[in-house]
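Undergrad: Below you'll find the structure I mean.
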Amino acid sequence: MTMAISKGVRLSAEQVSAYTREGYLRFTEPVFPQGTFIALKDHFEQKLLRLPPDIRPEAMDVPHFTDTRLFAWLFADEVLDLVEPIIGPDIALFSSHFICKPTGNGKRVPWHEDSFYWRGMMEPMEVCTVWLAIDPSTAANGCMRVVPRTHANGYSEYEPADLNTSVFWIEIKKGQFDESKAISLELEPNQATLHDARLIHGSAANHSAVRRCGYTMRYMSTRVKFNHDKFGASHNIYLARGRDHAGNRYSDPSVVYEEKAHYREVHHKGGH
């Protein structure tokens, strides 16, 4: 199976070099044309209105499992042309997640590496996340913070986190990294950051009067082997562009996967 080829990459050689060196990149151009972005924001607002009262808005993980309209944005050239210079022209969608911190009581995202939550799911561990700002994302409302150049390992030691105040149930043990080196990645709506799965990052709680929502769109090269035998019952990957190189099995973006979505709601506390 082969998907559409690229129209044109969107990152310079200098930007790719910075991503490789630092583990992240702040992309301040509009990711989507304004009409396309507004359509996504409106689509999210409708999803938020339908969210069951027992589900926190930070926990809208893998929404594309049941909402196939999201593939219009997940497979969009505007996004794939961002990640192609980093992971190559043959691209699989690994995951996506709306993480919305409401005003006043939005939960913190503990310091973590995405790779720690995904250990065993793929080989090698190479995922590029596009974090698209739906709302303004500032230091005041809990924007993402990253610790540059911490993406060499990806498997720090962890300890329990308080789920009453945190999105995830574990966090990196204190003393594993130098928090004083963390920087805040503030974004306007329709801007984005890209980060390596192994990078240490997190964000503060939102006690402000401004909501903070982002849509994470996570991609891997099709040369990465997904462990379907162990994780295929609970997770899907999708061929987004190019062709497969690792013998992966890809799910159908036109099909709704209610059972897998429910499994993740029960077993994955907040996402990842």
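Undergrad: Under a Cβ-Cβ limit of 4.7 Å, which cysteines in the chain have nobody to pair with?
TA: CYS128, CYS143
Undergrad: Give me D for segment 30-267 in µm² s⁻¹, whole number, from Stokes-Einstein with Rh from the Kirkwood sum over alpha-carbon pairs, 10 °C and 1.306 mPa s.
TA: It comes out at roughly 87 µm²/s.
Undergrad: Taking the Cα centre of each part, how many Å lie between segment 204-254 and segment 27-58?
TA: 18
Undergrad: Given labels modelled 7 Å from the Cα in the Cβ direction, how far is it in nm from VAL255 to LEU48?
TA: 3.3
Undergrad: For the chain, what is the relative contact order in percent, using Cα pairs closer than 8 Å and at least 6 residues apart in sequence?
TA: Working: 599 pairs, mean separation 87.8, N = 272.
After rounding, I find 32 percent.
Undergrad: Under a crude label model (7 Å from the Cα following the beta-carbon direction), how far is THR165 from PHE177 in nanometres?
TA: So the two model labels end up 2.0 nm from each other.
Undergrad: Now a separate question. Quick one: which of 49-55, 204-210, 80-86 comes out on top by average Cβ neighbours within 10 Å, and what's the full order, highest first?
TA: Taking the mean over residues of other Cβ atoms within 10 Å, the ranking is 80-86, 204-210, 49-55.
Where a number appears in this text, it was derived from the coordinates with a stated rule and is not lab data. What you see is a predicted model; the values in this text were computed from it and never measured. Every residue, glycine as well, gets a Cβ built from its backbone with ideal geometry; the counts of neighbours run over all protein chains shown.
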